[in-house]
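Here the structure comes first, spelled out in structure tokens, and everything after it is commentary.
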Amino acid sequence: MFLEIQIPATIEEGIVIAFTGYAIVFLALLLLFYLFSGLSKFLSWQIRQNLIKTGRFPKHIKKEDDLHISGETAAAIAMAIYLCRDLHDDESNVLTIKKISKVYSPWSSKIYGINRWRKS
Amino acid sequence: MKPQYKKALTVAAAIVVLFIVHTLLHQTNSFAAPVSAAGITSAENSGLNFGAEVLNGIQKFISFTGFRNASSGNLIMIAVGLLFIFLAIRFDYEPLLLVPIGTGIIIGNIPFFQDGGINLQLGIYQQGSVLNYLYYGVVKGIYPPLIFLGIGAMTDFSSLISSPRLILLGAAAQVGIFLTFLGALYLGFNMPEAGAIGIIGGADGPTAIFLSSKLANGSIVHGLQTKNLIGPIAIAAYSYMALVPVIQPPVMRLLTNKKERTIRMKPARAVSKREKIIFPIVALILTTFISPGALPLLGMLFFGNLLKESGVTKRLADTARTSLIDIVTILLGLTVGASTQADVFLTSQSILIFVLGALSFVVATAGGVIFAKVMNLFSSSDNKINPLIGAAGVSAVPDSARVVQTEGLRYDSTNHLLMHAMAPNVAGVIGSAVAAGIMMSFLM
């Protein structure tokens, strides 16, 4: 025999721990996956029911359609609303001049920062 | 300043220095008493003159200096510390971690007098020293949960909530932990030590410190005497986290072809505020019920996230994600660095741990990429996953997601994968913490 590999006795127990542990990690995250897939569907269903109840469900959308919009679409809509409402194309043309008065404080007074009596 | 003042100041400084030297020599006499008491006694008995006494004092002073006590190990570790600082400043490799750790390595390896059982209360392993007190946060596993609180308060789980299937990539990449565990067992480490070493494959520094402080802290665990491996494990985990941009890309390129690397994924949907609030609560309950050992880590992670998403605790979330995590990072980095005192750190086991750590990162990356390709076999043609994001399943947040983004842009300059990669990346954080909890429950 060219190479003799000695496998420690603990390795058998280790394999059991590794397989079980990996399976449990997978199980935990698989449960999260199912839960949040279901949650998103449930919330979508709830929104649909509210819209139907209040008669605001758009007729052109089929009932089985996905109501979710992509982040990109949401960003485009938000940008459009911003451009439509918040961009200041029209100004009021009213100028307001406010007088700003400062409270005098010797701590910030420049005159005290100058050494007037310096003798060389 | 006038020249005469300068002269006066120099004379005064010289007097002060002489006074300090005198005082030091006097003190070193008392410190060194047990070591060379015979010498002093004989000098006193023989009534040697003042000059001989001064010479004796200087000799003792020299015996206390770093130059006298330095070993080659100290010098090697100081060089390593300097390398860390260089990498952080010159190449911007995780500077927030490598600068404190690098400085800590230098601090921990400044040689000092340790013979004769004298405790000068200087070193990190000496009872009562300031560094020893700060190190308690590492040994008792206090810092990692606080880091997780900050991570939770700065993490946006939106990408994960919008594409829950990407959670599975975070689970797949944890294969690195369990294969490294088996590798460590094969190399002769005992069961708890192997568990602590395995967690390096999770690519999560705080989790690695947390688990090693429980399983490989030098005490008896699981009926077995363990060695103190906190230092090597923490340094390996953080070093490889900083080196993610070097380790991961070759593995990603090896396991994917050009067509797969340019797959465009569907943009993530917008996530409602309600979903963002429900996520940390449900995930906390679910994951900690499955793996209670991960409670300190996951409890703090999801608590931090709830502070952020609730919208009513902005001040607390801001503190957790800025000041608190910064303070803990400073203390953690410095003490972990200082724990690499050469006589404790420079062993053959540390080298083995570093080799296993590098392999674990490779295996974890490969695990994520391969699983993404497997998922593609079951996905519809318009809903494919870019397998590169599987590499982000290792929980080095956000480094591995950034690596995925860079690799994606290399093959298609308009294909931005960052947000898609963040989903497996944060799932990896949860996965590695769950794995740490499972290891604890099996091995403690």
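Test B:E275 against the criterion of being over 20 Å from the mean Cα position of the chain (by Cα) and open to solvent by less than 20 Å² (accessible area, probe 1.4 Å), and give yes or no. Break it down into steps so the answer makes sense when it comes.
Numbers: over 20 Å from the mean Cα position of the chain (by Cα): yes; open to solvent by less than 20 Å² (accessible area, probe 1.4 Å): yes.
Taking the combined requirement at face value, the residue satisfies it.
On the given criteria, is B:F371 open to solvent by 10 Å² or more (accessible area, probe 1.4 Å) and either in contact (Cβ under 8 Å) with a residue 40 or more places away in the chain or closer than 16 Å to B:I197 by Cα (or both)? Even if it seems obvious, please write down each step before you answer.
Details: open to solvent by 10 Å² or more (accessible area, probe 1.4 Å): yes; either in contact (Cβ under 8 Å) with a residue 40 or more places away in the chain or closer than 16 Å to B:I197 by Cα (or both): yes.
Here the answer is yes, as B:F371 does meet what is asked.
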Only one of these is in a helix (DSSP H, G or I), closer than 20 Å to B:P387 by Cα and open to solvent by 10 Å² or more (accessible area, probe 1.4 Å): B:L168, B:L160, B:L149. Name it. B:L168
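In the set B:A242, B:A208, which member is at pLDDT below 90 and more than 14 Å from every other protein chain (Cβ to nearest Cβ)?
Numbers: B:A208 fails: at pLDDT below 90.
From the options B:A242, B:A208, the qualifying one is B:A242.
Would you pick out the residues in the range B:138-184 that are polar (S, T, N, Q) and out of contact with any Leu (no Cβ under 6 Å at 6 or more places or on another chain)? Walk me through how you get there before you give the answer.
Looking only at the range B:138-184, we keep the residues that are polar (S, T, N, Q), and these are B:155, B:158-159, B:162-163, B:174, B:180.
Hits for the range B:138-184 are B:T155, B:S158, B:S159, B:S162, B:S163, B:Q174.
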Members of the range B:391-406 that are open to solvent by less than 20 Å² (accessible area, probe 1.4 Å), out of contact with any Gly (no Cβ under 7 Å at 6 or more places or on another chain) and not in a helix (DSSP H, G or I): B:A396
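Of all residues in the range B:377-390, how many are in contact with a helix residue (DSSP H, G or I) (Cβ under 8 Å, 6 or more places away or on another chain), open to solvent by 20 Å² or more (accessible area, probe 1.4 Å) and not in a loop (DSSP other than H, G, I, E, B)? Please lay out each step first, then the result.
First pass over the range B:377-390, keeping only residues in contact with a helix residue (DSSP H, G or I) (Cβ under 8 Å, 6 or more places away or on another chain): B:384-390.
Narrowing the set further to residues that are open to solvent by 20 Å² or more (accessible area, probe 1.4 Å) leaves B:384.
Those still in the list that are not in a loop (DSSP other than H, G, I, E, B) too: none.
Residues that pass the stated criteria total 0.
Out of the residues in the range B:289-321 that are polar (S, T, N, Q) and free of Cβ contacts under 8 Å to residues at least 60 places away in the same chain, which is farthest from B:F157 (Cα to Cα)?
Of the range B:289-321, the ones polar (S, T, N, Q) are B:291, B:305, B:310, B:313, B:319.
Pick out the ones that are also free of Cβ contacts under 8 Å to residues at least 60 places away in the same chain and you get B:310, B:313, B:319.
Values: B:S310: 13, B:T313: 18, B:T319: 19 Å.
Among residues in the range B:289-321 that are polar (S, T, N, Q) and free of Cβ contacts under 8 Å to residues at least 60 places away in the same chain, the one farthest from B:F157 (Cα to Cα) is B:T319.
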May I ask you to verify whether B:K266 is within 14 Å of chain A (Cβ to nearest Cβ) and either open to solvent by 50 Å² or more (accessible area, probe 1.4 Å) or more than 30 Å from B:S380 (Cβ to Cβ) (or both)? yes
Output yes when any residue across the range B:215-224 is assigned to a helix (DSSP H, G or I) and in contact (Cβ under 8 Å) with a residue 24 or more places away in the chain, and no when none is. yes
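The values are calculated or read from the model by the stated rules, or taken from the named source; none is laboratory data. Computed from a prediction, not measured in an experiment: that's the story for all the values here. In this analysis, Cβ positions are derived from the backbone assuming ideal geometry, glycine residues included, and neighbour counts consider all displayed protein chains. For accessibility, only protein heavy atoms count, side chains too; no ligands or nucleic acids. Shrake-Rupley method; radii C 1.70, N 1.55, O 1.52, S 1.80 Å.
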